[in-house]
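Some notes on the structure that comes next.
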Amino acid sequence: MNVMTPGASLVFGEDGTATPYEVYTDKAIYDLEQERIYRGKTWSFLALEAEFPNEHDFKSTFIGDTPVVVTRTPEGYHAWVNRCIHKGAAVCRQHRGNARKFQCVYHQWLYAPNGDLKGVPFEKGAGETKGMPEGFDKKQYSLPKLRVETYKGLIFATFDPEMESLEAYLGPQMRPYIDRIMCKPVTYLGCLRQYAKSNWKLYFENVKDGYHASLLHLFHNTFNILRVSMSVRSLTDERNGMHSIIMTVRDNDDDDGSDYKKNNVASFDEKVRLKDPEILRMRQEYKELSTNHIQGIFPSLVLQQIHNTLACRQILPKGPGEFELVFHFFGYEEDDEELRQMRLTQANLVGPAGYVSMEDTEATELVQAAIEPDRAEKSMLLMGQGDPLHGQSLTSEHILRSFWQGYQKIMGL
Amino acid sequence: MFDTELSPTQRARLALEDFYADYVACLDEDRLEDWPDFFTEDASYVLYPRENEDGGYPIALFSCENKRQLQDRITSHRKANIFPAHWNRHVISSLRVTALGGDQVETTSNYAIFQTRQDGESKLFQVGQARDKIVRDNSGLKFQSRHIVYDTSRVQTLFVTPI
């Protein structure tokens, strides 16, 4: 029998400069990603600690496409696969709640919040009939448990018991940027969900793609908000190159939009102004005045600060051609009423109806629809190649090239 | 079998049925520039996913705290935002008058929005409930607030056209 290894025939461009479209469309590649990435050597973002204000709070979510429940107990956070060890039924059937035990409805097998098996109905039989075989020991069984670690209020889990620590996985290049946002106790403000008919990697690439920012999201240009004269920092972690940060930093108050006029960007229109600029009013919260902080932590998290909106975007793949994007919004416990209201108002900037973010899923769907029929073709990622100043450029695609090199490594392609 | 006399609430509902029909026609006929005129100057218009509403979380999908912000949404829709071309069709039903004062009426109603994109397929885009406060000014009825709670928490592709 001749079994082709998934992806064996894929040809990537040198140094991550081209990606075969098949990685976005092929079910075998998708299944291999679930194994090697989501259930493999990565840490996946699950939740913010602020989503669990009370002991025994829980939440259902996913790692890749595996359903996972996160619980908080006096011992800490736990995560287990939401699948009864008896017949495989989902044990927890609620999104969120507070519970001291979890019982599968099918045969009422009972579990502790940490996943330990606590009860099997008719374990010792009933009347004359025998139950479980002699020697069956509940203590030997539990729901499939994951390793859980937290970093600055963010909860992650991994399927790999041998995995390095979360702190090491995030790495020394990325941690200072997480620290920048997760600098004090946070409060959870709720979530918004967006569903796209496209491969999850198209979205993960999108947050590494500063080039599209002012070209796809025309709100900036139309209303004169972001200017190319802002200084930019874009970098990846140095080990796997799959995490990244793009930050735009305001360094002057020149608001005449001259860069756009000079470059003849199509949407420039001097007459268009916001009737109510309240949405743009920003309070400086950090030492460095940044309007955009977009940080992708492979494979499932995008930590963002856009003006005063703070969110963890969670990426949940749903098959090769679909993903769900969950925006978890938060603020700080110490926020005054005005700042809290500013965060709610500015939430109009991001999310499924966000002035500066709604287009992302339209773009990823445009790609998915067009590449489906012709898998032998490749993308082209050449912008800024060889440019020594790529780390200061919004238009360079260097962090995308870095991502695809890391992807080939972790996937063994 | 029925009382022939109309109660004040029933008379209000008749006028409100016309008001909602005009509102829906404005949106479904793509006269978005006229949409803010259905609101008072200090109107609020907010869309919450049901899980936030039920969980007590304040984040909204789309929120405007005055008429100018509604107008900005339309300017952005027309000039800035990029989205799949689509036609929305609203179906509003089960209109109830929940409070009837001298100068303000409160209602709840269910809605379904069917969306058709360029491929010609019509899909259910969103269902939910609207809780509205409506007042009368010189030119007729106006929304003072629309507090909309949508059940369809997964927004398909994106949300750009007001409902």
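The values are calculated or read from the model by the stated rules, or taken from the named source; none is laboratory data. Computed from a predicted structure; not experimentally measured. So basically every Cβ, Gly included, is an ideal-geometry build from the backbone, and we count neighbours across all protein chains shown. Side chains are part of the model used for accessible areas, which takes the heavy atoms of the whole protein and leaves out ligands, DNA and RNA. Shrake-Rupley method; radii C 1.70, N 1.55, O 1.52, S 1.80 Å.
Applied to segment A:210-217, the Karplus parametrisation 6.51 cos²θ - 1.76 cosθ + 1.60 on θ = phi - 60° returns per-residue 3J(HN,Hα) values of x, 4, 7, 3, 8, 9, 8, 8 Hz, with x for Gly and Pro.
For the protein assembly as shown, the solvent-accessible area works out to 45 Å² per residue, with a probe of 1.4 Å and every protein chain left in place. For chain A, A:C92, A:C183, A:C191, A:C312 have no disulfide-compatible partner, since no other Cys C-beta lies under 4.7 Å from theirs. Shielding by partners for peptide A:182-191, expressed as the average number of C-beta atoms from other protein chains within 10 Å of each residue's C-beta, is 3. What the Cα convex hull of segment A:44-149 gives, in volume per residue, is 106 Å³.
Give me D for the protein assembly as shown in µm² s⁻¹, whole number, from Stokes-Einstein with Rh from the Kirkwood sum over alpha-carbon pairs, 37 °C and 0.692 mPa s. Answer, rounded: 126 µm²/s. Cross-link pairs exceeding 30 Å in C-alpha to C-alpha distance, out of A:K138/A:K409; A:K152/B:K67; A:K59/A:K138; A:K271/B:K67, comprise A:K138/A:K409; A:K152/B:K67.
A DSSP coil position with no more than 16 other Cβ atoms inside 10 Å describes the following trypsin sites (Lys or Arg not before Pro) in segment A:34-109: A:K41, A:K87, A:R93, A:R100, A:K101.
Averaged over peptide A:351-364, the number of partner chain Cβ atoms lying within 10 Å of each residue's Cβ comes to 6.
Summing charges over neighbours of A:T364, with a neighbour being any other residue whose Cβ is under 10 Å away from its Cβ, gives -3 when K and R count +1 and D and E count -1.
Counting charges near A:G319 (Lys, Arg +1; Asp, Glu -1) among other residues having Cβ under 12 Å from its Cβ returns a value of -3.
Identify all lysines with a Cα-Cα distance to A:K197 below 21 Å; exclude those on the same chain that are fewer than 8 residues away in sequence. Leaving aside lysines fewer than 8 places away in the same chain, those within reach of A:K197 are A:K27, A:K208, A:K318, A:K378, B:K123.
Contact order for segment A:44-149, expressed relative to its length and based on alpha carbon pairs under 8 Å spaced 6+ residues apart, stands at 23 percent. Taking chain A as a Gaussian network of alpha-carbon nodes connected by springs under 10 Å, the highest mean-square fluctuation of the residues A:I29, A:I63, A:I297 belongs to A:I29.
Given a 1.4 Å probe and the protein chains as shown, A:D335 ends up with an accessible area of around 30 Å². In order along segment A:357-366, phi translates into HN-Hα couplings of 9, 4, 6, 4, 6, 5, 5, 5, 6, 4 Hz, rounded to whole numbers, per the Karplus curve 6.51 cos²θ - 1.76 cosθ + 1.60 with θ = phi - 60° and x for Gly and Pro.
Each distinct pair of alpha carbons in chain B adds a 1/r term; the inverse of their mean, the Kirkwood radius, is 16.8 Å.
Based on C-alpha pairs under 8 angstrom that are at least 6 apart in sequence, chain A has a relative contact order of 21 percent. Computed from Cα atoms, the angle from the helix B:67-79 axis to the main principal axis of chain B rounds to 30 degrees. With a cut-off of 9 Å between beta carbons, the residues surrounding A:S60 carry a summed charge of +3, where Lys and Arg count +1 and Asp and Glu -1.
Put simply, the amide H of A:A89, placed in the peptide plane, has neighbours under 5 Å in A:C84, leaving out anything fewer than 5 places away on its chain.
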